[in-house]
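Single-structure report; data block below.
The values are calculated or read from the model by the stated rules, or taken from the named source; none is laboratory data. Just so you know, these numbers come straight off a predicted model, no measurement behind them. Methodologically, a virtual Cβ is constructed for each residue, glycine included, from the backbone with ideal geometry; neighbour enumeration extends over all protein chains shown. Remember, those area values only see protein heavy atoms, side chains included, never the ligands or the DNA or RNA. Shrake-Rupley method; radii C 1.70, N 1.55, O 1.52, S 1.80 Å.
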Amino acid sequence: MSVLSETRFHNEPDAFKYLERIVWPNGVICPHCGVEGGRVYDLAGVRSKPSKKSPEGAIRYGLKKCGECRQQFTAKVGTVFEHARMPLHKMLQAVHLIVSSKKGISSHQLSRILEVQYNTAWFLSHRIREAMRSGDLAPFGGNGTVVEVDETLIGRLKGAPVKRAFHHKMKVLALVDRDSGRARTMVVDNVNTATLLPIVMANIAKETRVMTDEANAYRHLGRHFAEHGFTSHVAGQYVDYNDRTIHTNTVEGYFSIFKRGMKGIYQHCGEQHLHRYLAEYEFRYNNRIANGVDDCQRAVNALAGIVGKRLTYAPSHSE
Ligand SMILES: [Zn+2]
């Protein structure tokens, strides 16, 4: 039986119960006055104002009232779901579909599955990506462990003329910590030393063996880290023959999943959204089976990120 047959994906009260367990693992906290363990009442049977769609008013599920400040709220308050006009059980389905599909899922596909309009699906999927963004700033590596670094070019900058070289491409830097199996990715303006070195130094501990290709931007990394190993891809060398731990195959594997997915699913990604797609791939990679995370736990981990994250920008129509 598919996990999507579980009641939280179809039944609104169950969807709220599921979300409440994630938002309030230690008991309800009023989002208005912040009281913990205060008197909170469930408000059953409250309806919203009558509308054309529901002349009797829609039932307001998950509604609670704080006995201290007398204000009403649901578990959605303060999360990326707060202002979404869509049943929670459908949003939970969307989270599950996004975290469990290897390459992601397009807004068109999502709108067909959830039976909502394209714009609704588009905006929802960006809310979910926002929730997947890692706030983890601790440096990778340390203690002689290995971190691989590589950059790639993707898509095309809006309005940029297609010239030689890569000025019209969007640029992404990735670090993969080979020992912990985690990745960290970011959009960068340039792929020269002046841009990349400060980022690499801020994100990798000094006591790390750093692996790159032969690109000029990484030439002096050896001065800043325990070791800098590199291979010459131009010369067709992908693993150092004397020390077979010197290679960037892991980070290149990461990019190949990312690029295949972006090509197949999010072809027209604009630069202003690229960081959210990066967050989505990074999240799935860091929460993959090999790291001990199954599909259901991955959804819980994504939902844990919804607390306190809100999207405030206006939707646009490009993926
Ligand atoms: Zn309160």
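Sorted from greatest to least, the principal axis extents spanned by the alpha carbons of region 188-274 come out as 41, 28, 21 Å.
Assuming a ≥ b ≥ c are the square roots of the Cα gyration tensor eigenvalues, decide whether region 170-319 counts as rounded (a/c under 1.5), prolate (otherwise, with a/b larger than b/c) or oblate. Prolate, since a/c reaches 1.5 and a/b exceeds b/c.
At a Förster distance of 45 Å, what's the computed FRET efficiency of residue 245 paired with residue 296, Cβ-Cβ distance as r, to 0.05? FRET efficiency, residue 245 to residue 296: 0.80.
Coupling constants for region 243-248 follow from the phi torsions by the Karplus curve (6.51 cos²θ - 1.76 cosθ + 1.60, θ = phi - 60°), and in residue order they are 10, 6, 7, 8, 6, 10 Hz; glycine and proline get x.
From the convex hull of the Cα coordinates of the chain, what is the mean projected area in square nanometres? Hull-based average projected area comes out at 20.3 nm².
Mean residue ellipticity at 222 nm, helices only, the chain: -10000 deg cm²/dmol; runs of at least 4 DSSP H residues each add -39,500 (n - 2.57), and the sum is divided by the number of residues. The equivalent ellipsoid of region 4-64 has semi-axes of 24, 18, 8 Å, largest first, where each one is the square root of 5 times an eigenvalue of the Cα gyration tensor. In this view, the solvent-accessible surface of residue 295, computed with a 1.4 Å probe and all protein chains in place, comes to about 60 Å².
These residues, 306, 29, go from largest to smallest accessible area, 1.4 Å probe, as 29, 306. Normalising by residue count, region 199-247 has a Cα convex hull of 73 Å³ per residue. The listed residues 244, 223, once ranked by accessible area (1.4 Å probe) with the largest placed first, stand as 223, 244. Classified by the C-alpha gyration tensor, region 1-152 has an oblate form. Its axis ratio a/c, with a ≥ b ≥ c, is 1.5 or above, and a/b does not exceed b/c.
Each of 61, 285 has its accessible area taken with a 1.4 Å probe; listed largest first, they run 61, 285. Note: relative contact order over the chain, using C-alpha pairs below 8 Å and six or more positions apart, is 20 percent. Which listed residue (304, 92, 186) has the Cα farthest towards the positive end of the charge dipole for the chain, taking +1 on Lys and Arg C-beta and -1 on Asp and Glu C-beta about the Cα centre? The residue sitting farthest along the positive end of the dipole is 92. For region 34-89, the calculated P(r), taken from all Cα-Cα distances in 5 Å bins from zero up to the bin holding the longest distance, is 4, 17, 23, 23, 19, 10, 3, 1 percent. Secondary structure note: in region 60-216, about 80% of the DSSP beta bridges are antiparallel. Note on residue 194 and residue 11: their simple-model spin labels are 6.2 nm apart, each label 7 Å out from Cα toward Cβ.
Write down the percent of antiparallel bridges among all DSSP beta bridges whose residues are both part of the chain, to the nearest 5. About 75 percent, rounded to the nearest 5. Under 5 Å from the amide H of residue 208 lie the amide H atoms of 142, 144, 226, 227, each residue being 5 or more positions distant or on a separate chain, with H modelled from the backbone and absent for Pro and chain starts.
For region 90-216, what class follows from the C-alpha gyration tensor (a ≥ b ≥ c being the square roots of its eigenvalues): rounded when a/c is under 1.5, otherwise prolate if a/b is larger than b/c, else oblate? Because a/c hits 1.5 or more and a/b fails to exceed b/c, region 90-216 counts as oblate.
Computed extension length for residue 4-residue 26: 5.3 nm, one decimal, from 0.36 nm per residue of separation with the Cα-Cα distance subtracted.
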